[in-house]
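Chemist: If you scroll down you'll find the structure; I have some questions about it.
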């Protein structure tokens, strides 16, 4: 899948930022990196919600893999409510593995153990984020949610995805598009 052009309504390679009107507590103040969006549906990972204090090293131990100093403090994110037992690594596209989906030339998604082993060995991608589960939408579902003022779209960049503290990502994403969170209504209105 290629990155969308400027006139495309598809969000691949962009961030979705939940509006206060989203109506689903799992997505309250969520920022989602969109890995795929087409007429067939959409898939993305929440990049600003952690799964408690679980680290990648602890997760690897559960999988009988050896962690390292690189994975000891790497948190595990809540990627979304779909397939919550399945792991995904969103990472810089400087490294790819069997089954890697290169999203937009800058970012890639891998759901195999190869990337975790490489990160633990110190030979993994320059930047990476581990998530359990993903956020998914059926055909037209995301488009309907956007029309209902559930989501805003923001250009993705490495700093927002990998370099911002999870609890600051939502507000920083809004600021990037010139929106002050205090100006957002908690209920949708229609003219």
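Bear in mind these aren't lab numbers, they're just calculated from the coordinates by the rules spelled out. Being a predicted model, the structure only gives us computed values, none of them experimental. Here Cβ is always computed from backbone atoms with ideal geometry, including for glycine, and neighbour counts include all displayed protein chains.
Chemist: Could you work out how far apart the two model spin labels at residue 144 and residue 106 are, taking each label as a point 7 Å from the Cα in the direction of the beta carbon, and quote it in nm?
Modeler: Simple spin-label model gives 3.2 nm for this pair.
Chemist: Let me ask you something else. Mean separation of Cα pairs under 8 Å and 6+ residues apart, divided by the residue count of segment 14-180: what relative contact order is that in percent?
Modeler: Relative contact order, segment 14-180: 29 percent.
Chemist: To continue, here is another question. With a 10 Å Cβ neighbour count serving as the proxy for reagent exposure, in which order, fewest first, do 117, 182 appear?
Modeler: Listing 117, 182 from fewest to most nearby Cβ atoms yields 182, 117.
Chemist: Return the percentage of antiparallel bridges among DSSP beta bridges fully within segment 88-179, rounded to the nearest 5 %.
Modeler: For segment 88-179, the DSSP antiparallel bridge percentage is about 100.
Chemist: Roughly what angle does helix 166-176 make with the longest principal axis of the chain, taking Cα atoms, 0 to 90 degrees, to the nearest 10?
Modeler: 40
Chemist: What number, rounded to the nearest 500 deg cm²/dmol, is the helix-based mean residue ellipticity at 222 nm of the chain, given -39500 (n - 2.57) per DSSP H run of at least four residues and division by all its residues?
Modeler: -5000 deg cm²/dmol
Chemist: Mean-square fluctuation check for the chain, GNM, Cα pairs under 10 Å: which of 168, 120, 18 is largest?
Modeler: Result: 168 has the largest fluctuation of those listed.
Chemist: Further question: Using alpha carbons only, what's the Rg to Rh ratio of segment 14-180 with Rh from Kirkwood?
Modeler: Expressed as Rg/Rh, it is 0.96.
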